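Asks: Supplied in C-alpha cells, the structure appears directly below.
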Protein chains: 4
Amino acid sequence: MATRLRAGILGATGAVGQRFVQLLENHPWFEVAALYASERSAGKPYGEAADWRVPVPRPTYAEEMIIRAMEPNDDVDLVFSALPRDSAETVEADFAQAGIPVISNASAYRAAADVPLVIPEVNPDHTELINVQRRNRGWGGYIVTNPNCSVIGLVLPLKPLHDVFGLRLIQVVTMQARSGAGYPGPPPEVIDDNVLPFIRGEEDKVEAEPRKLLGTLEGDSIREADIIISAQCNRVNVLDGHLEAVSLGFENRPDPEAVIRALRDFRGLPQEARLPSAPARPILITDQEDRPQPKLDRDAGDGMAVTVGRIRPDSLLDIKFTVLSHNTIRGAAGAAILNAELLKNQGYL
Amino acid sequence: MATRLRAGILGATGAVGQRFVQLLENHPWFEVAALYASERSAGKPYGEAADWRVPVPRPTYAEEMIIRAMEPNDDVDLVFSALPRDSAETVEADFAQAGIPVISNASAYRAAADVPLVIPEVNPDHTELINVQRRNRGWGGYIVTNPNCSVIGLVLPLKPLHDVFGLRLIQVVTMQARSGAGYPGPPPEVIDDNVLPFIRGEEDKVEAEPRKLLGTLEGDSIREADIIISAQCNRVNVLDGHLEAVSLGFENRPDPEAVIRALRDFRGLPQEARLPSAPARPILITDQEDRPQPKLDRDAGDGMAVTVGRIRPDSLLDIKFTVLSHNTIRGAAGAAILNAELLKNQGYL
Amino acid sequence: MATRLRAGILGATGAVGQRFVQLLENHPWFEVAALYASERSAGKPYGEAADWRVPVPRPTYAEEMIIRAMEPNDDVDLVFSALPRDSAETVEADFAQAGIPVISNASAYRAAADVPLVIPEVNPDHTELINVQRRNRGWGGYIVTNPNCSVIGLVLPLKPLHDVFGLRLIQVVTMQARSGAGYPGPPPEVIDDNVLPFIRGEEDKVEAEPRKLLGTLEGDSIREADIIISAQCNRVNVLDGHLEAVSLGFENRPDPEAVIRALRDFRGLPQEARLPSAPARPILITDQEDRPQPKLDRDAGDGMAVTVGRIRPDSLLDIKFTVLSHNTIRGAAGAAILNAELLKNQGYL
Amino acid sequence: MATRLRAGILGATGAVGQRFVQLLENHPWFEVAALYASERSAGKPYGEAADWRVPVPRPTYAEEMIIRAMEPNDDVDLVFSALPRDSAETVEADFAQAGIPVISNASAYRAAADVPLVIPEVNPDHTELINVQRRNRGWGGYIVTNPNCSVIGLVLPLKPLHDVFGLRLIQVVTMQARSGAGYPGPPPEVIDDNVLPFIRGEEDKVEAEPRKLLGTLEGDSIREADIIISAQCNRVNVLDGHLEAVSLGFENRPDPEAVIRALRDFRGLPQEARLPSAPARPILITDQEDRPQPKLDRDAGDGMAVTVGRIRPDSLLDIKFTVLSHNTIRGAAGAAILNAELLKNQGYL
C-alpha cells in the first residue's frame, strides 16, 4: 500500500460519522487521521465519546484517537462530512476556504449551482463544477456532495432507463429505515408497531435532487432533467435499508424485459475504473416475487449495490418496481467515500 | 332490546372470526347463536379451540359454545363468513342455497356480477342485486360481500371526491398490518426489522374492487366506474391498521381545501339511519403533519372511522394524501356487521 | 365534588410526570394547579413542551397550562414529585421548607431515617415519621416517598406472607420494562432483540428498601426487618410492566395453598378506607400456568393491582412465584397518588 | 481433507435441523449425505421443503438434496438428531438398532441410565456408557445425547467451579430466546412487548440434567452430583441467545477473583485435542457492567463459547453472575457436532 491520503471525519460521533469510521478501516487510499465533533466531545477519546451503534464491532484504530474541535488543520488532505445541515453550512465552508477538499453527505450545499451533487455511476462528469466553485468563491479547497439517502437508491436504477427510454414521470413512495433519522432516531415508544407518514424535508429533496443528478453539464452549470417527480416519504420500523415503491413514465414506453436488460447490463465509471468501494454490479435484479426485503437484501454488494424487484407494467404510468438500498452505506457514508475515490481517480485529490 | 336475530359465524376460530365474536358481543340486533369451524375444531368448546389473538379479552359468552361443522342449520337467521377463499366458495353457496343470508368477508364471490360488493356509506343501493342473484341461482338465501381490507380504507374517502370531482386515476401504495395475513401471520423471524413488498393476490383486488364499488346499478347489473388504478402492496411490522399513500387524478381538479371540505362533510346512509355500528363520522381529517399513524389512529370511531391526513397537491396527478383504516374492524368483521345492519334496515333480513 | 386540593407536579414533562398528569385527570380529591419542569421548558405550554408518551391520549386540561420553573408558590396545597434523584435533593427540600407537602416518587430521601417510605397497604403507620421529620428539619411541609418501581411489586405480596410466616430470605430476578428507564429510555438499536443484564443502582434499592418497608415503627424511628435479600435486575424489551421471579425462605415454611390463601385474602387500609385509587383487591392470583404476562396483566386493577402466578414449592428455599406490576402506575405515579390519598385520610393534608 | 464420514440429519427441516445443515457445511470430518424429515416433506428437494430461518444464507449444497423418510439406511456412518421428543423415542432407537450411531439433541433418552449425556468440556469420560448401552439393548449403533439448551450454558461455567470449590446450591432464572421454541415459535402477537414466564418441561430439565453432567462414572453407571437446583424459566423477545441469572452456594466459599481465575483458566478436552468445532476458550469473561447481552455476545467463539459477566458476591448464597450462550449453536446443533467430534477422537466413530 502506497502512502495514503490523510482523511478527517467531520461529525464523527453521529450515526453516519460512525459509518465513515467503520468503512474507512483498512481503506487502500485513505487513512483516518483526524476525528472532529462538537465542543461537547472535543478532547475526549473517540472510544469514550461515541456511543457506537453500527451493527458491527467498533474498529480498534479509532478507540484512542482524541476528538478535535471543528477547525481546519493542515495535517489532513481531505475531510468527509457527516454534519447536520446547520453546522455543515459554516464548517464545510471554513474547511474549503482553508484549502481542504470536503466530501460531504450533508444537504447544505447540494442545491447550490456551483456545487457538484454526484453519484459516480450516474454523473461523474459533474465534478467539473469544482473549477467553477473555486473561481466563484475563491476557495483553495472545494465541496462535493452526495444526494439524500432515499435519492441514491432511486436514481441509480433510473440512470440507465433515462438514457435509453427518456424518463418523464416518477411516482415514489418510500418506506425508510430508522437509522436514516440519525442517532438516536425515533424511540421504541414511537416506532414500534407503527409507521410514521412524514419525514421533515425529505419529500422536497426527493422531488428535487434527481433532476440535478440526471441533468447535463452545459458550460459552467447543470441543466436539470425535465422530469416531474411526486414523492411520499414514510418511516418504518426497520434498522437499516430504505425500500421504495416506484412508478415511472417514459418518452418511449419500454416493456419489462427491456427494463430488466438495461438495469442488468448497467456498469458505470466506478466499475470500469475498479474503484475500491465500487460493487461489481451497482444494480442487482431479483425475480423472487417477495423481494427485495430490507432484512435480506440490504447488505448486497457490501451495502453498495441496490436491489430491484417486482419489475412489471404499471396500469397508470408505464413501469413499476420496488428498489432497496442500504441507507447508511450506499445512501450516506459509502456514497461519500465512493465520491472521494472518483475524485482521486479524476485527479482532484 | 327486542328479539335479536340469531347469527352464525363461519370460520369463527381464525383472526377475522375472532373479531366477529368480539364485535357481536352485546350487539343490539344480532345474537351469536352458532360458531362454525373446520372439522379439526368441530365438537370442541370455543374457549379451547380458538387461540385468542384479538388484543382485548375474549368475551365470556363464547367460552363454552360448542363449535359446529360447517353445515347449514335452520336455527340461525343469518351467518357471517370469515372463511378463506377456497372453502368460502362451496360453504357459502351451501348456506345461501339452504335459505340463509350469508354476509361475507371472503373474496370468493366479490367479483360475481350478481353478488353485491358493498360499503354502506358508498353504494348501499347495490344490495338490489340480491334479487337478481336469487333469481339466477334459485337460492332461498343470498350472499352479500364487503371488499378487501385495504380497499375499504381507500374507497371510503374516494366516494365523496368521485361524486363531486370525477375520479379518473388512482396510484396507491399500501403498508399493511400483520393481522391482515390472518393468524398466524408472518413469524417474527420474517417480519421483525423488515418490510415484505408483496402480498399474494392483493394488488389485483385493489385494482379491481374500487371500480365495482364506485360503479352504478343499471338494471340488473353494475356498470363499473371508469377509473384507472395502480396498486403496490407491502406488509409492514404493525399489529393492526393499514396505511395507504394515495395519489389521485380527477376530471375537475380540486384544490386541497375543497377536498378537505368534501371529506369532512361526508355522511352516508349508516350515519343518517344511525346503524348501530356506524361511526358518527366515517372520515376523520387530521391536520397534524405526521398523522395518521397506525398505533395512534387505528381505533378512531371504535375502529370504524378512517383517518385521512397530509392532504396536499400532487405534482404529477392532482391530489395526494395518506389514509389509515383498521383492517380487521372497518376492513373486515366490522365491515360485514355494518353490511348486515344495512340489510336489516333495508328489509333484507 | 367538594373543593379539591390544589396539586402541583414537579418534573411534569418526563415519563413519570406524564403519568401524574394522566392519572390526576378527574381525581375526586386533587386538582392539578401547577406543572413544574426544568428551565428549558418553563414558560411554554405543556402541550408543546411535553413529548407525550403515555399510551393513552393526553388529557386536554393540561394542554394550555404554562409550565413553571421549580420554585415554591403558595397557590398549591401539595406537590407530587417525579424528579430525578439529583434535582429532587434540593428542589423537594425547598418546597418542604416553604411549607408544602411533597409526595415524592424520587429516590433522594427514601433512605433518610426521618422520611417515611410508604406503601399504603404495607406500612401506613410509618407516616408518623412526618412529625419527627418536621421537628428535625424545621420544615413547615414534609416529604413522603414511595419505593422504587420494582420494589413495590415485590413487597406488596410479601407483606401478608411476612405477617403470617416470618420472611427471612428473598432471591429476586427482575425483568423490567423500558418505561422504567424514563423517557427516552434505551433506543431500539440497543433494546430490540436484546436483554440488558444491568440497571444502575437498582439492585441496591431492591436489596435495601423492602427491609425499611417491612420494618416496624419504634418511637421516632423504623426498625428494619431482618431479611436477607439478593437481587439481579434486567431490562427487557417490554413497554410497561415489571416481571419478577421470586424465591422466598420463611421462619415457618408454608405450603403453596397457605400462600395462595394469605395473598388472596389480603386487604389493606386503602381497601378498607376505600381510597379513590385503591384497587378492589391489591393482589390478584392467576392459576394459568403461563401467567402473569406483562402484555396481558399489567393493566389489572387499572394498573394498581399486582398479579402473582406460578406459586409453587422451591427446592432450595421454600416457595417461588412470579409477580407482575405496572411500573409507571402502581410502581410510580399511582403509588404517590395513593400515598397522598392515605395522607389525606390520615389528616396530614 | 481425507475421506469424511457420511452424516445424516434427522429432522432436517426444523429450527435445529437447519442449524445442523448450516454448521456442517465444509466440516472437515463429516459430510452431509442424507436429510431426513417427516412424511410430509419426504421426496421433496430440501430447498423447497425447508422454510429457511437461520439468519445466514442457506448453504447451496443442500438445495437439491431430496429429503428421505426416517428409515435407517446403510449409506450413512452416523446421524445427528434434531427430532422432537416423541418421534425421537422410536426413530433414534430404530437407527441405533440398525447399527448407526445417533448423536442426538433430543430429550427422549437424556435421562436413561445407560445413555451418555455429554458436554465434551465437562464429562467426556461418560461416553464409556456406550458399551453398557450396547450390551443392555443389543444395539449395533448407539445413542449419545447433549443437554437441554439452557443447561449447557449453565453447566459449562459450573464445571471448573465445582471441581475446585464444591458446588452445593444453584438458583437460576433463565431469559430464553424465541428460537429455543423451535420454528415457528411464539407468534409476534404473543411475544412482542411481552415475557412468557413458563416453558413447558424446561424447569424439570434444568433441575435434573446438571446433576448427571457433573456426576461421576462409577462402574457401569453415573453417580449424580449432590447439588440442589431451583430453576425458573422465562421466554423473552430475543431471536437467539439464552441469558441466565445464576446464584451459587459452595462447600468452600470462593471470592469473586478466585471464581474469575477458575473460569478464565478453564480448558477441556476439546481445546486440548483441538476438535474442529471447539472454541479456543470455552468460557469468556466480560468485565463490562452491562454485559453479556444476547445481541452483542451470542456469537462469541462462533456461537460455541459462553460469556460470563457481573461476577459478584451474593448476599444470600455465595456468588452470583449472568451467563449467556447461543441456544441453537452451543445449546443444540453445535453441541451435538462437538459430541460427534469427541466420539471420533475417542474412537467411537
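Rule-based calculations on the coordinates, nothing more; no lab input. As the structure is a computational prediction, the values presented were derived from the model and not from experiment. Note that each Cβ is placed from the backbone with ideal geometry, even for glycine, and that neighbours are counted across all protein chains shown.
Asks: Out of residues 5 or more away from residue B:240 or on other chains, whose amide H comes under 5 Å of its own, with H placed 1.01 Å from N in the peptide plane?
Replies: The list, which skips near neighbours in sequence, is empty: none.
Asks: Whole-Hz Karplus ³J(HN,Hα) for the range A:144-156, in order, using 6.51 cos²θ - 1.76 cosθ + 1.60 and θ = phi - 60°, x for Gly and Pro?
Replies: Once rounded to whole Hz, the list reads 10, 10, 10, x, 3, 4, 7, 7, 4, x, 7, 6, 3.
Asks: Hey, which residue of A has the C-beta nearest the axis mapping A onto C, and what's the distance in Å?
Replies: A:188, 2
Asks: Whose amide H sits under 5 Å from the amide H of residue C:100, counting only residues 5 or more places off or on another chain, with H placed in the peptide plane?
Replies: Those lying under 5 Å, H to H, from residue C:100 are C:141, C:142.
Asks: Let me know the charge dipole size of the protein assembly as shown about its Cα centre in debye, to the nearest 20, where only the beta-carbon of Lys, Arg (+1) and Asp, Glu (-1) is charged.
Replies: 0
Asks: Sticking with this structure for a sec: Among A:43, A:303, A:241, determine the one that fluctuates most according to a GNM of chain A built with springs between C-alpha atoms less than 10 Å apart.
Replies: A:43
Asks: Something else: By a straight-distance test (C-alpha under 13 Å), which aspartates and glutamates pair with residue B:44 as possible cross-link partners, with residues fewer than eight away in the same chain excluded?
Replies: Leaving aside aspartates and glutamates fewer than 8 places away in the same chain, those within reach of residue B:44 are B:63, B:64.
Asks: Taking beta carbons within 10 Å but only from partner chains, what does the mean come to for residues B:304-311?
Replies: Per residue, the number of nearby Cβ atoms from other chains is 1 on average.
Asks: Related question: Find the relative contact order for the range D:128-278 and round it to a whole percent, using C-alpha pairs within less than 8 Å whose residues are 6+ positions apart.
Replies: Averaging sequence separation for qualifying contacts and normalising by length gives 35 percent for the range D:128-278.
Asks: Between copies, how close do the residue D:6 label points come, placed 7 Å along Cα→Cβ, listed in nm from shortest?
Replies: Here residue D:6 shows inter-copy label distances of 6.5, 6.5, 9.1 nm.
Asks: Ok, one more. Nearest 0.05, what FRET efficiency do residue B:61 and residue B:200 give at R0 = 41 Å with Cβ-Cβ as r?
Replies: E(calc), rounded to 0.05, equals 0.70.
Asks: Check which residues have an amide H placed less than 5 Å from residue D:51's amide H, if you skip close sequence neighbours.
Replies: Excluding prolines and chain starts, which carry no amide H, there are no hits.
Asks: Let me ask another. Taking the Cβ of residue B:54 as the center, what net charge do the other residues with Cβ under 10 Å away carry, scoring Lys and Arg +1 and Asp and Glu -1?
Replies: Counting the neighbours of residue B:54, the net charge comes to +1.
Asks: To continue, here is another question. Taking a ≥ b ≥ c as the square roots of the eigenvalues of the Cα gyration tensor of the range C:149-326, is the shape rounded (a/c under 1.5), prolate (a/b larger than b/c) or oblate?
Replies: Rounded shape, in that the Cα axes give a/c under 1.5.
Asks: Further, regarding this structure: Please list, by residue number, every one of the trypsin sites (Lys or Arg not before Pro) in the range A:155-219 that is coil in DSSP and has at most 15 other beta-carbon atoms within 10 Å.
Replies: A:200
Asks: Normalising by the residue count of chain D, find the relative contact order in percent from Cα pairs under 8 Å and 6+ residues apart.
Replies: 17
Asks: For the protein assembly as shown, what value does the Rg/Rh ratio take when both radii are computed over Cα atoms and Rh is the Kirkwood radius, given to two decimals?
Replies: With Rh from the inverse mean 1/r over Cα pairs, Rg/Rh is 0.97.
Asks: Net charge around residue C:263, counting only other residues with Cβ within less than 14 Å of its Cβ (Lys, Arg = +1; Asp, Glu = -1)?
Replies: Net local charge, residue C:263 excluded: +2.
Asks: Hey, another quick one. As an exercise, use a Förster radius of 41 Å and the Cβ-Cβ distance of residue A:218 and residue B:260 to find the FRET efficiency, rounded to the nearest 0.05.
Replies: After rounding to 0.05, the efficiency reads 0.45.
Asks: When chain A is modelled as a GNM with alpha-carbon springs shorter than 10 Å, which of A:186, A:157, A:55 fluctuates the most?
Replies: Largest GNM mean-square fluctuation: A:55.
Asks: What ranking do B:103, C:67 get, fewest neighbouring Cβ atoms within 10 angstrom at the top?
Replies: C:67, B:103
Asks: Now for a different question. For chain B, find the longest principal axis of its Cα atoms and tell me its angle to the long axis of helix B:256-265, 0 to 90°, nearest 10.
Replies: Approximately 30 degrees, to the nearest ten.
Asks: Okay, next question. Give, in nm to one decimal, the length gained when the segment between residue A:134 and residue A:289 is fully stretched (0.36 nm per residue of separation minus the Cα-Cα distance).
Replies: Gain on stretching residue A:134 to residue A:289: 50.9 nm.
Asks: Also: Tally Lys and Arg at +1 and Asp and Glu at -1 over the other residues with C-beta under 10 Å from the C-beta of residue D:349: what net charge comes out?
Replies: -1
Asks: What ranking of C:79, D:172 emerges when the number of other C-beta atoms within 10 Å of each C-beta is taken as an exposure proxy, fewest first?
Replies: In order of increasing Cβ crowding within 10 Å: D:172, C:79.
Asks: Run through the other copies and list how far each one's label point is from that of residue C:43, in nm with one decimal, shortest first; the point sits 7 Å from Cα along Cα-Cβ.
Replies: 2.9, 7.7, 8.0
Asks: Among all the lysines, which ones have a C-alpha under 20 Å from residue A:320's C-alpha, if same-chain residues fewer than 8 places away are not counted?
Replies: By straight Cα distance, residue A:320 reaches A:159, B:205, B:320.
Asks: Just to confirm the filter: which GluC sites (Glu not before Pro) across the range A:209-273 are DSSP coil and have at most 15 other Cβ within 10 angstrom of their Cβ?
Replies: Those that pass, being in a loop and sparsely packed, are A:224, A:251.
Asks: Once you have a ≥ b ≥ c as the square roots of the Cα gyration tensor eigenvalues for the range A:256-318, tell me rounded if a/c is under 1.5, and otherwise prolate or oblate according to whether a/b is larger than b/c.
Replies: oblate
Asks: When chain D is treated as a GNM, springs tying every alpha-carbon pair under 10 Å, which of D:108, D:82, D:15 comes out with the largest mean-square fluctuation?
Replies: Per the Cα network of chain D with a 10 Å cutoff, D:108 tops the list.
Asks: Can you work out the Karplus-derived ³J(HN,Hα) for every residue in the range B:266-276? Use 6.51 cos²θ - 1.76 cosθ + 1.60 with θ = phi - 60°, whole Hz, and x for glycine or proline.
Replies: Computed from phi, the couplings for the range B:266-276 are 5, 9, x, 3, x, 6, 5, 7, 6, 4, x Hz.
Asks: Another question about this same structure. Loop-only GluC sites (Glu not before Pro) in the range A:1-87, please: DSSP not H, G, I, E or B, and at most 16 other Cβ atoms within 10 Å.
Replies: Filter output for the range A:1-87: A:25, A:39, A:63, A:64.
Asks: Let me ask you something else. Note the distances from residue A:84 to each other copy's matching label point, with points 7 Å along the Cα-to-beta-carbon direction, in nm, sorted shortest first.
Replies: Computed spacing set for this position: 1.8, 5.0, 5.3 nm.
Asks: Right, another one. Which value in deg cm²/dmol, rounded to the nearest 500, describes the helix-derived mean residue ellipticity at 222 nm for the protein assembly as shown, given -39,500 (n - 2.57) per DSSP H run of n ≥ 4 and division by the residue count?
Replies: Result for the protein assembly as shown: -8000 deg cm²/dmol, rounded to the nearest 500.
Asks: At a 10 Å Cβ-Cβ cut-off, how would you order B:61, A:183, fewest neighbours first?
Replies: With the fewest neighbours first, B:61, A:183 line up as B:61, A:183.
Asks: Still on this structure, I have one more. How high is the FRET efficiency from residue A:38 to residue D:73, r the C-beta distance, R0 56 Å, rounded to 0.05?
Replies: About 0.25, to the nearest 0.05.
Asks: Spelling out what I want: for every residue of the range C:292-308, take phi, set θ = phi - 60°, compute 6.51 cos²θ - 1.76 cosθ + 1.60 (Karplus), and round to whole Hz; glycine and proline get x.
Replies: Running phi through 6.51 cos²θ - 1.76 cosθ + 1.60 with θ = phi - 60° gives x, 10, x, 5, 8, 10, 5, 8, 4, x, 6, x, 9, 9, 9, 10, 10 Hz.
Asks: In nm, give the distance between the simple-model label positions of residue A:274 and residue D:111, each being 7 Å from the Cα along the Cα-to-Cβ direction.
Replies: 6.4
Asks: Suppose a student asked you for the relative contact order of the range D:278-349, using Cα pairs under 8 Å spaced at least 6 residues apart; what percent would you report?
Replies: The value is 26 percent.
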